[in-house]
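For reference, the structure discussed in these notes is given below.
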Amino acid sequence: MLFSLSSSTFITLYFIALIASWISGLLFLHPSIPLRYIRVHLAIFSIPPLVCFTALLPLHQSDVLGIWYADSLAWLLAFFILLIGLVIQRFSVNYLKGDRSYRKYFTLFTFTTSMASIAWLSDDLRLMLLCWGATLVGLVLLLCLNNSWNVVSQAVKVTRRLFFVSWIALLLAVMWIAHLTGQWRLSTIFTEETLAHIGPSETIGINLLIILAVMIPAAQWPFQRWLIESVVAPTPVSAIMHAGLVNAGGIILTRFSPLFHGDIAQFILLVLSSISVFIGTGISLVQVDYKRQLVGSTIAQMGFMLIQCALGAYLAALIHLVLHGLFKASLFLQSGSVLRRFELLPRYSKRASYVSVLAGRGLGLLLGLSYWLMAPGDGYQLVSALILGWSLSFAWTQLIVFGYGKIGKLIGSLVLLSAMAIYMSVHTLFHEWLHATDFHSTQPPMPAVIFVVILLLAGSIIGALIARHHSSPTFAVLYLWLVHLGEAKEHSVESHPHYLSPYTLKGGNE
């Protein structure tokens, strides 16, 4: 019965549920409301993602309803963001208990995720810009809740400054588009007749502004500083940033994809994203702090996502951002229970290990070549083949070559096969959900694609060679540089959180 409802009905139910959640969040701020009311609030907040998921199931065609762009992509993104917000709030019920800003956290979580979901349902660029700005403000306010700690105050300053630059860049791009086309609606701007009003030089300028706007929240080099500084935030805040905010770059590029036609801006995005992949991977490998390892991983993963966008692989980028968001949120929420155990790996004969590693390399090469030859003629099949082949080779080494005995290898094989089956199922499901979405995929010049492939291969080979010689000066310099790059600035580091001192809490001096 619900599946037969129209898109306008789903929009109405969605906003009724959101307004009820906002009222519930504001009500929870009042000190007379008991803390156990949070269970009621979460029950109310579970309704908006349920509405979005129900709207997604009928596989509607793209519907433009006034200022709303209710296509499958918009419903999928709204469902994903609200679901992540609900899970993190549920986790925070016990995790944040006793915090002086306990009530404010839940209200701000509700507000921030709601604004983000509205932004991607908007057909009017002004409304999208307003809601995205409100999302950035909500994240900054979440960071500010613990500003009695000086380290947090420093992190907020860096984050607030960069977010402002990002939003202004998007504002200028939107105003420039509206000035040239006389339109504010996505559904009317990105048609052949309207795009004809935007000249080549103006397109490059707009694209550069959009790239600046997406690279900052995605924490790409050289704008990764805010994400590194933000590790001082409570774990639920870090989870929502890594799972819901940094992914926005792929969404914005997908919505503005008709503007990208293989110009210099696309090449710049490819280069900077490729550099970010290496820097993020290096940070995650050299850091011993678990949250900083996750920060490095996020920088690298968002670099891969933006490379996919630059190559016109918008569907692959969307699958990547959703799966990365779910995976990274789960890693952050379990970060408090992570225990490092240094165990000696079982000894293998050099012949057996070498043969097993070669088998993995061969399978990776076979998968990459098969995908390259069998994939449709999209502009990203070469890089996708490289990534898939490398991923299979790496997974084979970690799960099978280093498996503990025959049972370990058998379990590793089952895990690898299960992961491949899950990936193919998810990929097929997303194709069904987003079949009506026009991504306007445009392949960049082939030299740019070849450049990225060579850069990725060369970086991997050079990194492996350096890592084999731990005692070399080059390794020491690279290692220390990556450690320094992944650490917060000196003024953002405090050996002891003074705000926790009993003397400070009583108003005394240390």
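H320 falls short of the stated requirement of being in contact (Cβ under 8 Å) with a residue 12 or more places away in the chain, open to solvent by 20 Å² or more (accessible area, probe 1.4 Å) and part of a loop (DSSP other than H, G, I, E, B). Taking the condition open to solvent by less than 20 Å² (accessible area, probe 1.4 Å), in a helix (DSSP H, G or I) and in contact with a Leu (Cβ under 7 Å, 6 or more places away or on another chain), does A169 pass? Considered against the rule, which asks whether it is open to solvent by less than 20 Å² (accessible area, probe 1.4 Å), in a helix (DSSP H, G or I) and in contact with a Leu (Cβ under 7 Å, 6 or more places away or on another chain), A169 comes out as yes.
Residues that are closer than 29 Å to F163 by Cβ, more than 27 Å from the chain's Cα centre (by Cα) and open to solvent by 30 Å² or more (accessible area, probe 1.4 Å) within the stretch 189-210 comprise S201, E202, listed in sequence order. Just one of (1) outside any loop (DSSP other than H, G, I, E, B); (2) in contact (Cβ under 8 Å) with a residue 40 or more places away in the chain; (3) touching a His at 6+ places or on another chain (Cβ under 9 Å) trips up M241, so point out which. Answer for M241: the failing condition is (3). A search for C-beta distances below 6 Å between a residue of the stretch 244-262 that is at positive phi and any residue that is open to solvent by less than 10 Å² (accessible area, probe 1.4 Å), counting only pairs 6+ apart in sequence or on different chains, returns G262/P444.
Has the stretch 19-30 got at least one residue that is hydrophobic (A, V, I, L, M, F, W, C), under 26 Å from the mean Cα position of the chain (by Cα) and either buried (at least 17 other Cβ atoms within 10 Å of the Cβ) or not in a loop (DSSP other than H, G, I, E, B) (or both)? Scanning the stretch 19-30, I find at least one residue that is hydrophobic (A, V, I, L, M, F, W, C), under 26 Å from the mean Cα position of the chain (by Cα) and either buried (at least 17 other Cβ atoms within 10 Å of the Cβ) or not in a loop (DSSP other than H, G, I, E, B) (or both), so the answer is yes. More than 20 Å from the chain's Cα centre (by Cα) and under 28 Å from T188 (Cα atoms): is that true of D123 in this structure? Yes. You will find that of Y14, Y69, Y37, the residue that is within 18 Å of S101 (Cβ to Cβ) and among the aromatic types (F, W, Y) is Y37 and no other. Being within 26 Å of Y69 (Cα to Cα) and out of contact with any Cys (no Cβ under 7 Å at 6 or more places or on another chain), is that true of even one residue in the stretch 219-238? Among the residues of the stretch 219-238, not one is within 26 Å of Y69 (Cα to Cα) and out of contact with any Cys (no Cβ under 7 Å at 6 or more places or on another chain), which makes the answer no.
Counting just the residues of the stretch 152-170 that are over 14 Å from A134 (Cα atoms) and among the charged types (D, E, K, R), which one comes out modelled with the highest pLDDT? Ranking the qualifying residues of the stretch 152-170, first place goes to R161. Here the condition is being assigned to a helix (DSSP H, G or I) and in contact with a Cys (Cβ under 9 Å, 6 or more places away or on another chain); of A55, A78, it holds for A78 alone.
Scanning the stretch 283-293 for residues that are assigned to a helix (DSSP H, G or I) and at pLDDT below 85 returns S284, L285, V286, Y290, K291, R292, Q293.
For the stretch 243-257, the count of residues that are over 16 Å from the mean Cα position of the chain (by Cα) and open to solvent by less than 10 Å² (accessible area, probe 1.4 Å) is at least one. With respect to being open to solvent by 30 Å² or more (accessible area, probe 1.4 Å) and either farther than 29 Å from L162 by Cβ or assigned to a helix (DSSP H, G or I) (or both), L141 fits the description. Going by the structure shown, is R126 without any contact (Cβ under 8 Å) to a residue 40 or more places away in the chain, of a type in the set (K, R) and open to solvent by 10 Å² or more (accessible area, probe 1.4 Å)? When the stated conditions are applied, R126 does not pass them. Of all the criteria given as (1) closer than 24 Å to V322 by Cβ; (2) among the hydrophobic types (A, V, I, L, M, F, W, C); (3) open to solvent by less than 10 Å² (accessible area, probe 1.4 Å), the one not satisfied by L272 is (3). Here W221 fulfils each of the conditions (1) of a type outside the set (V, I, T); (2) in a loop (DSSP other than H, G, I, E, B); (3) under 24 Å from Q308 (Cβ atoms); (4) without any contact (Cβ under 8 Å) to a residue 60 or more places away in the chain apart from (4).
The values are calculated or read from the model by the stated rules, or taken from the named source; none is laboratory data. Being a predicted model, the structure only gives us computed values, none of them experimental. Positions of Cβ are generated from backbone atoms using ideal geometry, with glycine treated the same way; all protein chains shown enter the neighbour counts. To get the accessible areas, we keep the full protein, side chains included, count just its heavy atoms, and leave off ligands, DNA and RNA. Shrake-Rupley method; radii C 1.70, N 1.55, O 1.52, S 1.80 Å.
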